[in-house]
Amino acid sequence: MDRALFIEERLDLAGGSIATDIKVHVCSRIISHIWAEDKLAERSHLFDDEGKPLPGRDPDYPREDQALPLTPRLLDFVRQAIALAPRIAGDLDHVRVDFLVTDKGLHAGEICIYTAAGYGTWTNPEIARRMERYWRLEHSAYLRQPRHGIGHLYAEALRARCAARRKMESEGCPEPVSTAK
């Protein structure tokens, strides 16, 4: 096998002046929320799907005195990320599309399917509600594909569970709490 060396260009992140990262949470092509952070200055800000600031912080920089200043340049980068992220996310059910921010613009970062190892928390409870509203299992790629054998049985059971939950939500009933131990 031939050996190869891959070297990436080092990016000078815009920390201290704009942000270092912009992370866009996308659920089936719908933006749930955006998280802009400046890791160098330990500041952050949350945004809705239109780029409007949301109250609260992210789990890394939770205090209000750690709010990232809302500058026209930051808001422009957030709008650019909003335009790009759903196209990058494609048909994935949930994905976080990350961008690195330099003085020259946005650069593709990483795409995270399972963010914060599934333990993510937010100081704004609206973030969890938005993700629940947009990340619908009944629209998942898994359920859109034909399944056979045990996969078919599982998909049918999941569809039935999703339909029962939708019915309960439409009737204003809370979801039953499991008593299984």
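The values are calculated or read from the model by the stated rules, or taken from the named source; none is laboratory data. Bear in mind the structure is a predicted one, so any value in this text is a computation, not a measurement. Here the Cβ is made from the backbone with ideal geometry for all residues, glycine too, and neighbour counts use every protein chain on show. We work out accessible area using only protein heavy atoms, side chains counted, and drop any ligands, DNA or RNA first. Shrake-Rupley method; radii C 1.70, N 1.55, O 1.52, S 1.80 Å.
What to note about this one:
- Selection from region 101-140 of residues that are modelled with pLDDT of 85 or more and either open to solvent by less than 50 Å² (accessible area, probe 1.4 Å) or more than 22 Å from residue 46 (Cβ to Cβ) (or both): 101, 102, 103, 104, 105, 106, 109, 112
- On inspection, residue 78 qualifies as modelled with pLDDT of 90 or more and in a helix (DSSP H, G or I).
- Among the conditions (1) out of contact with any Leu (no Cβ under 8 Å at 6 or more places or on another chain); (2) surrounded by fewer than 16 Cβ atoms within 10 Å (Cβ to Cβ); (3) not in a helix (DSSP H, G or I), the only one that residue 40 does not satisfy is (1).
- Within region 45-62, the set of residues being under 8 Å from residue 34 (Cα atoms) and either among the hydrophobic types (A, V, I, L, M, F, W, C) or touching a helix residue (DSSP H, G or I) at 6+ places or on another chain (Cβ under 6 Å) (or both) comprises 46, 47, 51.
- Test: residue in region 52-66 that is open to solvent by less than 20 Å² (accessible area, probe 1.4 Å) and of a type in the set (A, V, I, L, M, F, W, C): no
- Within the option set 143, 70, 92, being outside any loop (DSSP other than H, G, I, E, B) and either buried (at least 16 other Cβ atoms within 10 Å of the Cβ) or of a type in the set (A, V, I, L, M, F, W, C) (or both) holds for one residue only, 143.
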